[in-house]
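A.B. asks: Below you will find the structure I want to go over with you.
The values are calculated or read from the model by the stated rules, or taken from the named source; none is laboratory data. This structure is a prediction, so every number in the text was calculated from the model and none was measured. So basically every Cβ, Gly included, is an ideal-geometry build from the backbone, and we count neighbours across all protein chains shown.
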């Protein structure tokens, strides 16, 4: 259970930090991946989707630390989300010519590693 808690805490810190960064500085954060926010509506969308969604997910993960059943659900959710992100990113890299997309290759590595760690922690909870 300690491994699951540590992984969830790391995920909480990363998601809350990134969510706040996207909410507070949407132009700069979007620019890291090569996106340009050319209209106020685009900045608002990035604040809501990249900022708000990650902050909300971090809040759920924080809540999940209080009960074992919620920890299982949170880890399953993270495995599903990171696998979906990785599969969509692989599809995008294939469709858009990914050999020169350093940002997306690093993001893919992070998603695959995160999915693996969350799955490992989930399996550890099932053995306890």
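A.B. asks: Can you give me the number of residues within segment 78-106 that are crowded, with 16+ Cβ neighbours inside 10 Å and under 21 Å from residue 10 (Cβ atoms)?
C.D. replies: Counting residues in segment 78-106 that are crowded, with 16+ Cβ neighbours inside 10 Å and under 21 Å from residue 10 (Cβ atoms) gives 7.
A.B. asks: If you don't mind, another one. Can you name every residue in segment 94-114 that is in a helix (DSSP H, G or I), within 26 Å of residue 23 (Cα to Cα) and in contact with a helix residue (DSSP H, G or I) (Cβ under 8 Å, 6 or more places away or on another chain)?
C.D. replies: 103, 104, 105, 107, 108, 111, 112, 114
A.B. asks: Shifting gears a bit: Among (1) modelled with pLDDT under 95; (2) under 11 Å from the mean Cα position of the chain (by Cα), where does residue 94 come up short?
C.D. replies: Of everything listed in (1) modelled with pLDDT under 95; (2) under 11 Å from the mean Cα position of the chain (by Cα), residue 94 misses just condition (2).
A.B. asks: For residue 48, are the conditions met, namely being free of Cβ contacts under 8 Å to residues at least 24 places away in the same chain, surrounded by 13 or more Cβ atoms within 10 Å (Cβ to Cβ), in contact with a helix residue (DSSP H, G or I) (Cβ under 8 Å, 6 or more places away or on another chain) and farther than 20 Å from residue 104 by Cβ?
C.D. replies: When the stated conditions are applied, residue 48 does not pass them.
A.B. asks: If you don't mind, another one. Is there any pair linking a residue in segment 69-85 that is free of Cβ contacts under 8 Å to residues at least 60 places away in the same chain to one that is surrounded by fewer than 14 Cβ atoms within 10 Å (Cβ to Cβ) and in a helix (DSSP H, G or I), with Cβ under 7 Å and at least six apart or on different chains, and which?
C.D. replies: Hits for this filter: 70/63.
A.B. asks: Would you say residue 3 is surrounded by fewer than 16 Cβ atoms within 10 Å (Cβ to Cβ), more than 16 Å from residue 125 (Cβ to Cβ) and in contact (Cβ under 8 Å) with a residue 12 or more places away in the chain?
C.D. replies: Criteria not met by residue 3.
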